[in-house]
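Q: Let me begin by handing over the structure; questions about it come next.
The values are calculated or read from the model by the stated rules, or taken from the named source; none is laboratory data. Every value quoted in this text rests on a predicted model; they were computed, and no experiment measured them. Here the Cβ is made from the backbone with ideal geometry for all residues, glycine too, and neighbour counts use every protein chain on show. Side chains are part of the model used for accessible areas, which takes the heavy atoms of the whole protein and leaves out ligands, DNA and RNA. Shrake-Rupley method; radii C 1.70, N 1.55, O 1.52, S 1.80 Å.
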Amino acid sequence: QVELMESGGGSVQPGGSLRLSCKVSGYTVQASCMTWFRQGPGKERLGVAAIEGSGAPSYAGSVRGRFTISRDDTDNTLYLQMDNLKPEDTGTYYCAAPKPGWLWCEYLLHKPGDLAYWGQGTEVTVSS
């Protein structure tokens, strides 16, 4: 079975940093697309970042230049490094993946219904 387990969330002041992790079992992170989504209060889930099997990343415009998606193939773990955090970054962050073999990773940031596997989420709060 496939399991995605996020960790690393917390409370931070504006301008601070957090590194989120998503430990994956039953699924090889380098084999396909991996994504991070965010859901703020009263909002739909927003695609934050995606990484292809090749390592090529995609980002939402609101986080580009501040967030970095990466993975550790040895540990089968996905990461999201978040720098210069802003209050609007507040929300629950989820890692998610499609069924293996998906070819267009950026597409998934706009079509969360095509993602097959989701973690339980980790909470991030950015406030003074």
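Q: With viscosity set to 0.692 mPa s and temperature to 37 °C, compute the Stokes-Einstein D of the stretch 1-103, Rh being the Kirkwood radius across alpha carbon pairs; µm²/s, no decimals.
A: For these conditions, the coefficient is 237 µm²/s.
Q: Next up: Could you pull out the trypsin sites (Lys or Arg not before Pro) across the stretch 1-103 that fall in loop regions by DSSP (anything but H, G, I, E, B) with no more than 10 other Cβ atoms inside 10 Å?
A: Answer in residue order: K43.
Q: In deg cm²/dmol and to the nearest 500, what is the mean residue ellipticity at 222 nm of the chain if only DSSP H runs of at least 4 residues count, each as -39500 (n - 2.57), divided by the residue total?
A: That calculation yields -500 deg cm²/dmol at 222 nm.
Q: Going by accessible area, probe 1.4 Å, with all protein chains left in place, what is the ranking of K99, K86, largest first?
A: So the residues, ranked largest to smallest area, are K99, K86.
Q: With the contact rule set at Cα under 8 Å and sequence spacing of 6 or more, what percent relative contact order holds for the chain?
A: Taking the mean separation of contacting Cα pairs over the length of the chain, I get 36 percent.
Q: What does the charge dipole of the stretch 1-93 about its Cα centre add up to, to the nearest 20 debye, if the Cβ of each Lys and Arg holds +1 and the Cβ of each Asp and Glu holds -1?
A: In debye, rounded to 20, the stretch 1-93 gives about 280.
Q: Right, something else. Gain in length, S54 to Q1, computed as 0.36 nm per residue apart minus the alpha-carbon separation, to one decimal in nm?
A: Between S54 and Q1, full extension yields 16.7 nm more.
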